[in-house]
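First the structure, in the form of structure tokens, and then the observations on it.
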Amino acid sequence: MIEKIHKFYLMRIGPRLSSVALEWIGALGLLVLLPACEVFTPVDQTLPASSVVGVRRGRHFERVITHFHSSYSFDACDGHGTVTHPDGTITPNLKCEEDLETALCLNQIDSLFLSDHVPHMAEVPLEQLLFTSRSEEQIHSPKGEGVAKLMTCKNGHKAFFAPGLEGRLLALGMERHVGADYRSRRDLYSDDAPSSVGPLQKIAEAVVVIPHTESKSLELIQRSNADALEIYNLHANFDPNIRRNYLHVAPFSHLFSFLDYLMDPYHDLNPDYLFLDFMQFFPVYFDRWDHAIASGHPMTGLGGTDAHQNTFSQHTTDGERLDSYRRLSRFMAHFVLVENSQTEPYAHYRATKDSLRQGLVYLVVEGLGTPVDFDFYAIRHRADPRSPPVEMGQSVRQLDEPILAFDLPKVYEQSPGVARYGQPKIKVDLVFVDRQGQESVVDSVTREAHHSYAPFQKLVYPKPTPGAYRIQVWMTPRHLRGVVRKGELTEKPYLWMISNPIYVTE
Ligand SMILES: [Zn+2]
Ligand SMILES: [Zn+2]
């Protein structure tokens, strides 16, 4: 299904869009010839190191992306991600690989969990999916297998990247294939039955995720023993078929904004902010997530970047293709809390996977700005004062009289727009999911826009009743008004951060 959609894109939308774009360019040729009022002013296209976000109770934040296609997906890099040689061997397209590495380095992504389609990832040995045979770059399991790559960038940043799969499920951080050859892997990798989940978790030691939740039944989600599900998917957000059939919104309404950025006759649009035109979180994802966790199965909520470099190959004013790996890995990521004590590379890699499974994860639309100073936890009022606070993904008993707390975030001072326009207005919602899977906002705190850093602010919620609690932070990004030329887009609220739940039990 997913493969079909991608083929549809490659074969139908891509060329059609190009010809529509050409007609527009012809019709507006005069406009293009007019002298531009203002030259495109580049803003910082990179992201700060995740260390600016700080540490929390023995854990530090890592910037992690969990759904991303490398050259080993049949449809990545305009369908030319790999070269098949006459002897049947497959090698990656070096330009595609370089684009991916550039994205990781410039955006200082700490861990990239690849999710490649069965063709061609299942056809090659797992070590080949690491893009390196240099032992100093490979992370080895205790059995001596190369399981991930630790890359050192020219700017000094170090990034892990790990092989993985997208069939009907995502298997992130696979440490080995399940099955000796392509034929024996293909069926298991392409299925989403509960019988596929176990081998991917136990043999491949992967984090198993239900992707494209919009098209999955609640029954399948509840029966599956997956570790996580997607609560956003970029591809679903703009694919006309998915929009019409599963999200029930106008299929093509957003395509005009893509054309704006492709044409940009005055060279004054910043395509890194295109997401403001179309990004939308759809209720169907939260409905599935709420019902899944209400049935007693904690699942981590993740966001799917689903980048392929295969949709808009046309270049924009900044000289990059509209759907570049760099642009898409700048707009959204997870901030994952990882144990400080795991410093040996393989232990660190395993600790990151454990945190994804356990739900120590915030989904962040970082294109709006890098959040700092935030913290979601619960303390037990009636317990021993030395007992540690309760983290996301963990449970606390109602009997212990927990108090839920969230320290409000600020935008990192050096994120675009903040030095000039100050901090934006944010609204924090504490969302409660009851045991029937119904959600409601039980508390909110608003922080008005402020030129300098606003005083410390906190949401405090005593005596929560049993159920799941998560934080959603809305931002009205007026600090971006000097960056985003479509000023009206900076006047409306966007979801900036979504935490994973803390569970209160009886
Ligand atoms: Zn694909
Ligand atoms: Zn995908």
Take segment 244-276 and flag every residue that is more than 23 Å from Gln45 (Cβ to Cβ), under 22 Å from the mean Cα position of the chain (by Cα) and of a type in the set (Ser, Thr, Tyr).
Tyr246
Hey, among Gln414, Gln472, Gln436, which residue is closer than 30 Å to Glu219 by Cα and surrounded by fewer than 16 Cβ atoms within 10 Å (Cβ to Cβ)?
Gln436
Restricting attention to segment 211-228, which residues are crowded, with 24+ Cβ neighbours inside 10 Å and within 14 Å of ligand 2 (Cβ to nearest atom)?
Pro211, His212, Thr213
Residue tally, condition over 21 Å from Ala162 (Cα atoms) and within 16 Å of ligand 2 (Cβ to nearest atom), over segment 51-78:
1
Considering only residues of segment 161-172 that are modelled with pLDDT of 95 or more and over 15 Å from Pro211 (Cβ atoms), which is surrounded by the fewest Cβ atoms within 10 Å (Cβ to Cβ)?
Ala162
In the set Asp75, Asp87, the lone residue that is more than 23 Å from Glu413 (Cβ to Cβ) and under 24 Å from the mean Cα position of the chain (by Cα) is Asp75
Among the strands (runs of 3 or more DSSP E) confined wholly to segment 156-264, which include 3 or more residues that are touching a residue at least 40 places away in the same chain (Cβ under 8 Å) and of a type in the set (Val, Ile, Thr)?
207-210
Scan segment 125-152 for residues that are touching a Gly at 6+ places or on another chain (Cβ under 8 Å) and acidic (Asp, Glu) and jot them down.
Glu127
Within segment 454-481, restricting attention to residues that are touching a Gly at 6+ places or on another chain (Cβ under 6 Å) and not charged (D, E, K, R), which residue is farthest from Ser444 (Cα to Cα)?
Leu480
Has segment 409-426 got any residue that is of a type in the set (Val, Ile, Thr), within 25 Å of the chain's Cα centre (by Cα) and in a strand (DSSP E or B)?
yes
Just one of the numbered conditions (1) away from ligand 1 (no atom under 16 Å from the Cβ); (2) surrounded by 16 or more Cβ atoms within 10 Å (Cβ to Cβ); (3) over 19 Å from the mean Cα position of the chain (by Cα) is not true of Glu136; which one?
(2)
Within segment 104-120, count every residue that is modelled with pLDDT of 95 or more and within 16 Å of ligand 2 (Cβ to nearest atom).
7
How many residues does segment 375-391 hold that are of a type in the set (A, V, I, L, M, F, W, C) and either in contact with a helix residue (DSSP H, G or I) (Cβ under 8 Å, 6 or more places away or on another chain) or not assigned by TED's automatic domain parsing to the domain that holds Asp429 (or both)?
1
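The values are calculated or read from the model by the stated rules, or taken from the named source; none is laboratory data. Just so we're clear, the structure is a prediction, and the values are computed from it rather than from any experiment. Here the Cβ is made from the backbone with ideal geometry for all residues, glycine too, and neighbour counts use every protein chain on show.
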